[in-house]
1. At a 10 Å Cβ-Cβ cut-off, how would you order HIS39, HIS56, fewest neighbours first?
2. What translational diffusion coefficient, to the nearest whole µm²/s, does the stretch 21-73 have by Stokes-Einstein, given a Kirkwood radius computed over alpha-carbon pairs, a temperature of 37 °C and 0.692 mPa s viscosity?
3. Please arrange ARG90, ARG77 by how many other C-beta atoms lie within 10 Å of their C-beta, fewest to most.
4. Label the stretch 4-108 by shape, choosing from rounded, prolate and oblate, from the square roots a ≥ b ≥ c of the eigenvalues of the Cα gyration tensor; if a/c is under 1.5 it is rounded, and otherwise prolate applies when a/b is larger than b/c, oblate when it is not.
5. Based on other C-beta atoms within 10 Å, arrange GLU70, GLU48, GLU83 from fewest to most.
Amino acid sequence: MSRIVKLGAPSLTGKDANDLVAEVFGDAMYPLTVTVKNHMPTNVVFPEVPGLFLRHVANAEESQKTVVIESYDLFQRLASSIEQVASLNRYALALTISDGDIHAEGSAGGEGTGTTLTKKPSEGLNGEQLKEALKAKGIEFPNNAKKAELAALLDNAPADNADAAGDEGAGENGATGGRQDPAE
């Protein structure tokens, strides 16, 4: 069975990234091959792991990558970097790291990333409905976001904690800040 860890801002999740990594991957043999999935609406690069550049969550193909983590210490530094990015941007879920196929995890154990075989939350919604659903969950999105990007944000939003502010970068109380009025 593969191991999986979900990393985000500890102020929102209540869990320290280094503790989560130690809990899940502390006894792993290194170098360790892992699959990393970006759940953030922005591209990210983590120089701790060579080649770890991930596109935003709406880019289905390039938002996930398989890389090799050379040592446990390096994994801890990577977790700290992810935690810092997530904290600065208020992302409860920033990245998912698994030593197996993340897509398979989503359909098997319930510990996946939202990529299951069940109906997606975005199915059947038009652009305006997607925006309303994202606002209701307190998820920020760019004013010029395409329908596919909006759908990906909604589909990757945590379903079990929809009312928590900051699930995907929302401000306090789920407000979307100045994104609604570009004139401000």
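1. Values: HIS39 27, HIS56 17.
Ascending number of Cβ neighbours within 10 Å: HIS56, HIS39.
2. On the way: Rh = 11.8 Å.
The estimated diffusion coefficient comes to 278 µm²/s.
3. Values: ARG90 20, ARG77 16.
Listed from fewest to most nearby Cβ atoms, that is ARG77, ARG90.
4. Rounded shape, in that the Cα axes give a/c under 1.5.
5. GLU70, GLU48, GLU83
Throughout, read-outs are computed from the coordinates displayed, never taken from laboratory work. For clarity, every value in this text was computed on a predicted model and none was experimentally measured. Glycine also receives a Cβ, built like all others from the backbone with ideal geometry; neighbour counts cover every protein chain displayed.
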